[in-house]
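Bear in mind these aren't lab numbers, they're just calculated from the coordinates by the rules spelled out. These numbers were taken from a predicted model, which means no experiment stands behind them. With ideal geometry, Cβ positions are generated from the backbone for all residues, glycine too; neighbour counts draw on all protein chains shown.
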Amino acid sequence: MLKTPSDAAVAGCLSLLLEVSGNPKAGNVDREHDFDDLKFEHFLASAAGAFPAFLEVAEKRIIGEGVLRAVKESMRWHRAENVHFGAFLLLVPLISSWDAGGMVDIAEAARNRLRRTDFRDSLSVLEAFRLSNARVVEAGELNLKDRKTEEEIAQKKINLYEWMKMAPEENLIARELVDGFKISIEGAKFLLSFGNSGKAVVELYYHLLSKFPDPLVIAKMGREYAEKITEWAEKARTEEERKELDEKLLKDGANPGTIADLTASSIFLALAEGWRI
C-alpha cells in the first residue's frame, strides 16, 4: 500500500523509469534504441522532472491541472516534445486516488474523480496536449487537434470524463479512463503473478502488446498492421525473437507508444499493491 503522498509521487516516477528501462520493447525507445527526436535520456529526465507535479496531484487531488503541471514540470528538464503525455493522462487520476486502498479501489476511485471533473480539467488537458505536441488518434468529435475544440468544451461545459467517452473505440487511454483502468489492473495482476524478476516489465509489455492493437500504430499504419503486431508479439518468446521484432517495427516506423503508457500505469497499480522489483 502507498502510505503518504510522497509514496504516491515516487511510485508514479518509478513506474515511468521502470517502463522505459525495459529492454527490448519492440518499436519503442529503450536502453538500446533512440528515435531521431526522442532519446532514452529524455524519458529519464521527464520521469524525474514530473515528481513535483505528482506530489501536488497526490496532495491536492487535481486531475486536469495535474496533467498540465506534469507536462510543464517535466519539460523543464529536457528538450524533447511529447515524452509522457499519454502516461501522464493515465497516471495522474491514479496518483490522485493513492490512498483509496488496493489497486482495484484506486482504479475505481480514480474513475469516480474523473466523473467529478469539470470543463476546466478538459481545457487543462487540451493545453497539456498542445504544449507536448503529442500524437493521438484522430477523433470525429472534439478532436484534440481541432482549434474549435476549446471553444466547444467551454460553451458546453464538457468535463474530462464525458470528453473521453467521445473518443474512438480504439483509443485505449480514453477507454481506460472511462472503464475504470481495466487493462492497467490486468497488467498489475500480471506483474504480481510474475514476481520481482528484472524481466517482469518486459514480459508485461509483450503481454499487453500481444492483446491490444496499439491506437497510434492504427492511426499511422492501419488496423491490419496493428493486429499483425499482436500476433508477432504473441509468438516472440525468446530475447532473440523479441529483438528481431524490435528491429522490424523500428524499421517500419511502427511505435506502439500507447502500450508503453499502459505498461507504466500497470506498474503503478502493482506498486500500490505492494509489488517491488
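Put simply, when 194-201, 96-103 are sorted by average Cβ atoms within 10 angstrom per residue, most first, you get 96-103, 194-201. Its convex hull of Cα atoms gives the chain a direction-averaged projected area, equal to a quarter of the hull surface, of 12.6 nm². The HN-Hα couplings worked out from phi for the range 218-230 by the Karplus form 6.51 cos²θ - 1.76 cosθ + 1.60 (θ = phi - 60°) are 4, 5, 8, 10, x, 5, 4, 5, 4, 6, 5, 4, 4 Hz, whole numbers, x standing for Gly and Pro. With the biggest extent put first, the Cα atoms of the range 1-158 measure 47, 38, 27 Å across the principal axes. Working note: Karplus 6.51/-1.76/1.60 with θ = phi - 60° gives the range 176-181 the couplings 4, 5, 7, 8, x, 6 Hz, where Gly and Pro are set to x. Result for the chain in a Gaussian network model with C-alpha springs under 10 Å: among GLU32, GLU127, GLU73, the largest mean-square fluctuation is at GLU32. Maximal additional length on extending the ARG147-LYS251 stretch stands at 34.1 nm, based on 0.36 nm per residue less the C-alpha distance. Quote the FRET efficiency, to the nearest 0.05, computed for GLU32 versus MET1 with a Förster distance R0 of 25 Å and r equal to the Cβ-Cβ distance. Once the sixth-power term is evaluated, E becomes 0.10. Entry note, the range 5-273: relative contact order of 25 percent, from Cα contacts under 8 Å with a spacing of 6+ residues.
In plain terms, the chain from LYS156 to ASN133 could stretch by 5.8 nm, reckoned as 0.36 nm per residue minus the Cα-Cα distance. Phi-derived couplings, Karplus 6.51 cos²θ - 1.76 cosθ + 1.60 at θ = phi - 60°, listed residue by residue for the range 268-277: 4, 5, 5, 4, 5, 7, x, 5, 9, 6 Hz, with x used for Gly and Pro.
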